[in-house]
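K.L.:
Mind having a look at this structure? Questions to follow.
The values are calculated or read from the model by the stated rules, or taken from the named source; none is laboratory data. In this text the structure is predicted, and so the values were computed from the model without any measurement. Neighbour counts run over all protein chains shown; Cβ positions are idealised from the backbone, glycine included. Ligands, DNA and RNA are excluded from the accessible area calculation, which covers all protein heavy atoms including side chains. Shrake-Rupley method; radii C 1.70, N 1.55, O 1.52, S 1.80 Å.
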Amino acid sequence: MSASGENFDLHCHSSASDGVLTPAELVRRAADRGVPMLALTDHDELGALAEARGRAAALGVRLVDGVEISVTWRTTTVHVVGLGIDPANGTLRRGLEKVRGSRAARAARIAEGLAAAGIPDSLAGAYAQARNPRLIGRTHFARFLVERGHARDVKSVFDRYLVAGRPGHVPHRWAELADAVGWIRAAGGRAVVAHPGRYKIHRGAMRELLAEFRAAGGEGIEVVTGSHRRDQYGEFAALARELDLLASRGSDFHAPGEGADLGALPPLPGGLRPVWHDW
Ligand code: AMP
Ligand code: MN
Ligand code: MN
Ligand code: MN
């Protein structure tokens, strides 16, 4: 690893959202893979943090309490990671409860779209994949469709069925950007824009998003993430330097064999202030 840090992994998911490993299994895997500091960042959910904390203490992994909040900015879904949050904070807990509350109705509509495209029973199928039913989401549909042979992997299911213009896509409004950042700050955490390279917005809009994010109290962006292509590391490193944003690094690990593994990414490029600089 470079001078900018050890093999820290500040973004991953457990079975409390759309990951497949339990919190204890996830922390064990991080320890086995040489990750000394891990942030567990389940989507809109804090329920796995207590179990992860107990396991991390036993294995000598530094656990950072985290969350990944679903946001709608203009018409684009944007994810905001909160790091070092207090999971007992009422403002954050109430905000997340509201975000989660809309998932069940959305899932029913996804299933209707898929049924109309000739795929029956996907609602029950998706719930069977979800260990935490209140976090039902597209990944659970995707794993069900793979199991049924409709596509060869989760990524292909998204491309064919779940993104805009496809039968299982439903428009949805998540939290407001300023609200999500506010909840994270109320809980004592640091807000980071997750995988900025994934959003289908132009350069100018990206700057407007980051300006609004900062005005709301946001501090960082992910530069090295399993959701970026390698050529995007340099692009977002340059943006972080230019806009004086803290830089984060995380695999966005969900499941063995699905995307990047824990601690498997290159270090942050030089000349950046890591989000963990004062931890
Ligand atoms: P949801 O919050 O239900 O909309 O689900 C979002 C999750 O779906 C993300 O966190 C990823 O885990 C997964 N996802 C989104 N887009 C893709 C994609 N193109 N390929 C694979 N997984 C994806
Ligand atoms: Mn996910
Ligand atoms: Mn995300
Ligand atoms: Mn994620």
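K.L.:
Between region 212-262 and region 1-59, how far is it from one alpha carbon centroid to the other, in angstrom?
P.N.:
Region 212-262 and region 1-59 have Cα centres spaced 17 Å from each other.
K.L.:
Distance from a point 7 Å along Cα→Cβ of Glu176 to each backbone N in region 187-231: keep the residues under 16 Å and list them by number.
P.N.:
Output list for this probe position: 212-218.
K.L.:
Also: Share of Cα-Cα pairs in region 1-117 beyond 16 Å, in percent?
P.N.:
Details: 4365 of 6786 pairs.
So the pairs more than 16 Å apart make up 64 percent of the total in region 1-117.
K.L.:
Kindly write out, for region 42-55 in residue order, the coupling ³J(HN,Hα) from the Karplus curve 6.51 cos²θ - 1.76 cosθ + 1.60 (θ = phi - 60°), rounded to whole Hz, with x marking Gly and Pro.
P.N.:
5, 5, 6, 8, 10, x, 9, 5, 5, 4, 4, 5, x, 5
K.L.:
Heads up, I need the accessible area for Thr91: 1.4 angstrom probe, whole protein in place, Å², nearest 10.
P.N.:
60
K.L.:
Could you give me the radius of gyration and the Dmax of the chain, taking only the C-alpha atoms into account and expressing both in angstrom?
P.N.:
When restricted to the Cα atoms of the chain, Rg and Dmax are 17.9, 54 Å.
K.L.:
Let me ask another. Normalised by the residues of region 130-279, what does the relative contact order come to in percent, with Cα pairs under 8 Å and at least six apart?
P.N.:
Numbers: 170 pairs, mean separation 23.2, N = 150.
The value is 15 percent.
K.L.:
Next question, about the same structure. Would you please give the FRET efficiency between Asp278 and Glu25, computed as 1/(1 + (r/R0)^6) with r the Cβ-Cβ distance and R0 = 45 Å, to the nearest 0.05? Mind dumping the intermediate values first?
P.N.:
Details: r = 31 Å, r/R0 = 0.68.
With a Förster radius of 45 Å, E is 0.90.
K.L.:
How would Asp261, Asp44 line up by accessible area, probe 1.4 Å, largest first? List each step's numbers first, then the result.
P.N.:
Numbers: Asp261 30, Asp44 0 Å².
Of Asp261, Asp44, the descending order of accessible area is Asp261, Asp44.
K.L.:
Output the relative contact order of region 103-162, whole-number percent, from Cα pairs under 8 angstrom with separation of 6+ residues.
P.N.:
Values: 56 pairs, mean separation 16.0, N = 60.
For region 103-162, the relative contact order is 27 percent.
K.L.:
Another question, if that's okay. Give me the net charge for the shell around Ser251: Cβ to Cβ below 12 angstrom, other residues only, Lys and Arg +1, Asp and Glu -1.
P.N.:
Working: positive: Arg29, Arg33, Arg249; negative: Asp9, Glu222, Asp252, Glu258, Asp261.
Charge balance near Ser251 sits at -2.
K.L.:
Can you give the relative contact order of the chain as a percent, counting alpha carbon pairs under 8 Å and 6+ residues apart?
P.N.:
It comes to 22 percent, rounded to a whole number.
K.L.:
Per DSSP helix of 4 or more residues, -39500 (n - 2.57); summed, then divided by the residues of the chain. What does that give at 222 nm, rounded to the nearest 500? Walk me through the intermediate numbers first.
P.N.:
Details: 10 runs with 106 residues, N = 279.
Here the helix-only value at 222 nm equals -11500 deg cm²/dmol.
K.L.:
Out of Gly34, Gly118, Gly189, any idea which swings most in a Gaussian network model of the chain, alpha carbons joined below 10 Å?
P.N.:
Answer for the Gaussian network model of the chain: Gly118.
K.L.:
Quick one: accessible area per residue over the chain, 1.4 Å probe, rounded to a whole number of Å²?
P.N.:
42
K.L.:
Nearest 10 degrees, 0 to 90: what angle lies between the long axis of helix 90-101 and the longest principal axis of the chain (Cα atoms)?
P.N.:
30
K.L.:
Okay, next question. I'd like the carbon and sulfur percentage of the solvent accessible area for the chain, probe radius 1.4 Å, heavy atoms only, ligands and nucleic acids excluded. Don't skip to the end; give the middle numbers.
P.N.:
On the way: 5830 of 11780 Å².
The C+S portion of the solvent-accessible surface of the chain is 49 percent.
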